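The values are calculated or read from the model by the stated rules, or taken from the named source; none is laboratory data. This one's a predicted model, so the numbers in the text were calculated from it and none came from an experiment. Positions of Cβ are backbone-derived with ideal geometry, glycine not excepted, and every protein chain shown enters the neighbour counts.
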Amino acid sequence: MTYSRRQFLGALEAGTVATAGLTRPVDAQETPVVRMGNNYFDPIGLHVDPGTTVRFEIAAGAHSATAYENRIPSNASAFDSGVISSGAFEHTFEEPGTYDYYCIPHKSVGMVGRIVVGSPGGAAESSSIPDGGVPESDAIIEQGAIAYGSSTGGDENSGGGMMGPGMGSGPGMMSGRNGGMMNGRSGGWFGGLPFVGGALGLLGLVGGLLYWALGREDSPPGNGDSATETLHRRYARGEIDEAEFEERRAKLSREEP
């Protein structure tokens, strides 16, 4: 697999920012990108300053970025890209508050996202999103951007968070500040050599983030899957409960030819 210099530097920069633990919103001068793939927005949660232009870019399939008119700040204008299969759509977020949005063709299978502009506020904060699940606004502000499939901050409609396959909280996972294999005080091979252990741990984390970022560029999750297959996969991962699974499956059966 061949990567361009731009892809490599972009992925390395993303890994470095994540490792450093920066939590500021995207600057208004930058143009953050939300990728639209097969039944996902990535990042699913994004924090920006007022006046920031966000670019919604097609990664695979045909999608829309469409605001819930009743889940945006009262003085804000609803945005709607319409269904597009190539290129991108841009919208400038001027009014502070919380914006929830969805994909028109894939709303029924939970393709939704959230953008917090400045600080949380508006109708989106008073009730749960009606389709799928999005991260909590406080988690979005804390992290700046939350990738699709992250286990952080899923709301009550996400069926136990938005944990991707293979993630968990057992031994060996980065489960919190006081546990997990990245805890510098927990001993292990490098317990007596904190500097060496910390340096190798940092390199490992950056390398893992680099591999993950480059892999996502060419292989979006669920690429080529039908809406029904995606629904079954989300149910198997425990992202939705049985009642919601049966309801969405029945709806898809009526919609599909």
>> Restricting to the stretch 45-81, count the residues that are within 22 Å of Pro105 (Cα to Cα), out of contact with any Pro (no Cβ under 6 Å at 6 or more places or on another chain) and in a loop (DSSP other than H, G, I, E, B).
In response: 13
>> Looking only at residues that are at pLDDT 75 or above and among the charged types (D, E, K, R) in the stretch 240-254, which one is surrounded by the most Cβ atoms within 10 Å (Cβ to Cβ)?
In response: Arg248
>> Going through Gly159, Gly197, Gly154 one at a time, which residue ends up being buried (at least 21 other Cβ atoms within 10 Å of the Cβ) and modelled with pLDDT of 50 or more?
In response: Gly154
>> Can you tell me which residue is nearest to Val116 (Cα to Cα) among those in the stretch 29-52 that are surrounded by fewer than 18 Cβ atoms within 10 Å (Cβ to Cβ) and not charged (D, E, K, R)?
In response: Pro50
>> Scan the stretch 117-126 and tell me whether some residue there is of a type in the set (D, E, K, R), in contact with a Ser or Thr (Cβ under 6 Å, 6 or more places away or on another chain) and free of Cβ contacts under 8 Å to residues at least 40 places away in the same chain.
In response: yes
> For the stretch 76-116, how many residues are buried (at least 16 other Cβ atoms within 10 Å of the Cβ) and without any contact (Cβ under 8 Å) to a residue 24 or more places away in the chain?
Replying inline: 1
